[in-house]
Amino acid sequence: MPTENTAYAAALAAATADETLETLGETGAAWLGEYSQVHMNVFGTPLRVMDHGQGTRVWDVDGNEYLDFLAGIAVNSVGYAHPKWVKAVADQAAKVAHVSNYFATEPQIRLAARLVELAGAPEGSHVYFGNSGAEGNEAAIKLAKLYGRTLPGATPSMGGKPARIIALSHGFHGRTLGALSATWKPAIRKAFEPLVPNIEFVEASDTAALRDAFAQTGPGRYGKGPVAAVIMELIQGEAGVRPLGADYVKAARALCDEHGALLIIDEVQTGMGRTGSWFAFQREDLSGGITPDIVTFAKGVAGGFPMGGMIAFGAELSALFTPGSHGSTFAGNPLAASAALATIDIIDNEDLVANAEARGTQLRDGILACGNPLFASVRGRGLLDAVQLTHPCAHAAMAWALEHGLIVNAVAPDALRMAPPLNVTAEEVDEAVAVLARIPDDLPND
Ligand SMILES: Cc1ncc(COP(=O)(O)O)c(C=O)c1O
C-alpha cells in the first residue's frame, strides 16, 4: 500500500545522507501526475511507476533497481519474467486466449485436477475458478449459504432461521460485498453497511468465543439459526502475518464437526507453496493436521496472472453448485489456467516449496540476528513473514527501505511484511537483511 505522505517525506529526509538512495525520478513523477488525473483514488498515490522485472528484481521507469520482497503482495511466486512462465502464457495467447464457459479448454481441466491433487482433496472434490481472492471467497460464501439451507431448522419459509457464517476478528477475505461481509476491519467495511446478513464475527484464536457462537443456535425468541460455516485464514496476512495457532484450528474443526458446519480455509495469501507447504492447512504447526471443507486460493496461484477460486472437498458438497448457481465470464480462462499450470510446474520442478521453507528460516534468523534495535520480533512461516517494530513507524520504515532499493510493506502500523518470490536466493535474502538492518530506529511514528 502506498505510503502516507507525511511519513514518506520524513523518511526521505532521514535517508538523504545515504549514497544508495533510489529517489523518485522525473519520469516516474510525471507518470504519477497523470495517474492521479485518471485513476479513482482508492490506493493513494503509488510509490513508483514500474517498468520491468527479472527474478526478484524490478526496475522503475527512471531506471532504479529494487529487490522485491513483496512480489506484488505474495503474487509473483516464481519471480518476474520466469522464461517458462513467459513461454506458457505467450504460447497459450497465440493459441486461444478466451472461449467463454459454453466451451472448455485443456489447461483449465488439467489445472482443476492438479489443484485437487495438490490439496489432497478426496475423490469427487471439485474446483470453481474465478479471477481474484475476493471471488474465491464469494464462491465459498455462496456455497456455504446453499449448504446452510440443508441444515435442520434453517429454512425460513418453513419457520426456521437463516443459517449463519462465522468469521474471525482481524480476518481479511476481500473487498467485494460478500467477501467484505466476512472481513473484519471496521475502517474498510463500515461505510458499506448493511452488508450480507447472518455473517458474524468472533474473537480470533478464542475457542470459548467460537463455542459460544455455536451455542447460540436454538429455537425461541433468542435462539439463532444453525452455523453453516466458519471461515478463517490460518495465518491472518493483512492483520500482520499472525498465525491463529494449531490448537485453535483443531478446536474449530472439532466444533464444526460437532455442529455439522463447514470449515472454510482462506489460502489466498498462504497457498501455493508460500508457507513452506503447498497449502498452509497441510502444515501441522499451523492447522494441527485438520482437513478443511473448502479451500480458497488466488494471489500466487498463477504467478502474476489474475486467477482465484475454491476447491470444495468431496462430491456431496461440490454438488450443491448446479448450473446457474454461480459463474463469471472469465472463470477458468485458458491464459490464466496456463499461467497457473506453468507456475505450479516451476514450483514443483525447482523444489520451491522447500526453498520457501529454507529461505524463510534464513530470513527470520537473519532479521533476529541483525541487531537493529527497531526490531522487536519476527514471525511467519516459509516466505510469508513479518517483523514487529518497537514503535509504529512501519510506513516510514517501508519508505526508507524503498529508497534503499528494497520493497517490503507496512502490513500494520508497527509491522513490515516480507513475501518475496518462492525462488528467492540465499544471497538475495542476505542482501535484504542487510538493508533491513540499516533502517534507522528513530524514524517518526506514522
Ligand atoms: C487472505 C486473503 N483473502 C482474500 C484476499 C482478497 O484477494 P483479492 O485482492 O485478490 O481479491 C486477500 C488479499 O489480500 C487475502 O490476503
At pLDDT 95 or above, within 12 Å of the ligand (Cβ to nearest atom) and touching a Phe, Trp or Tyr at 6+ places or on another chain (Cβ under 8 Å): is that true of residue 303 in this structure? no
Of the residues 309, 382, 360, 332, which is in contact with a strand residue (DSSP E or B) (Cβ under 7 Å, 6 or more places away or on another chain), within 16 Å of the ligand (Cβ to nearest atom) and either among the small types (Gly, Ala, Ser) or in the same structural domain as residue 426 (by TED's automatic domain parsing) (or both)? 309
Matching residues in segment 264-283 (away from the ligand (no atom under 15 Å from the Cβ) and of a type in the set (A, V, I, L, M, F, W, C)) number 1
Looking at segment 290-298, is at least one residue under 24 Å from residue 364 (Cα atoms) and in the same structural domain as residue 182 (by TED's automatic domain parsing)? no
Residue tally, condition away from the ligand (no atom under 11 Å from the Cβ) and closer than 13 Å to residue 138 by Cα, over segment 164-177: 2
Residue 124 passes all but one of (1) more than 16 Å from the ligand (Cβ to nearest atom); (2) part of a helix (DSSP H, G or I); (3) modelled with pLDDT of 95 or more; which number fails? (2)
Cβ-Cβ under 8 Å pairs, at least 6 apart or on other chains, segment 97-115 side basic (Lys, Arg), far side part of a helix (DSSP H, G or I): 110/337; 110/341; 114/341; 114/344
What's the total number of residues in segment 106-131 that are crowded, with 20+ Cβ neighbours inside 10 Å, in contact with a helix residue (DSSP H, G or I) (Cβ under 6 Å, 6 or more places away or on another chain) and over 24 Å from residue 176 (Cα atoms)? 4
What are the residues in segment 309-321 that are in contact with a Leu (Cβ under 9 Å, 6 or more places away or on another chain) and either aliphatic (A, V, I, L, M) or surrounded by fewer than 16 Cβ atoms within 10 Å (Cβ to Cβ) (or both), if any? 310, 311, 312, 317, 320
Output the number of residues of segment 144-171 satisfying the condition of being in a helix (DSSP H, G or I) and either at pLDDT below 90 or touching a helix residue (DSSP H, G or I) at 6+ places or on another chain (Cβ under 7 Å) (or both). 4
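The values are calculated or read from the model by the stated rules, or taken from the named source; none is laboratory data. Only a predicted model underlies this, so the values are computations on that prediction, with no experimental measurement involved. Positions of Cβ are generated from backbone atoms using ideal geometry, with glycine treated the same way; all protein chains shown enter the neighbour counts.
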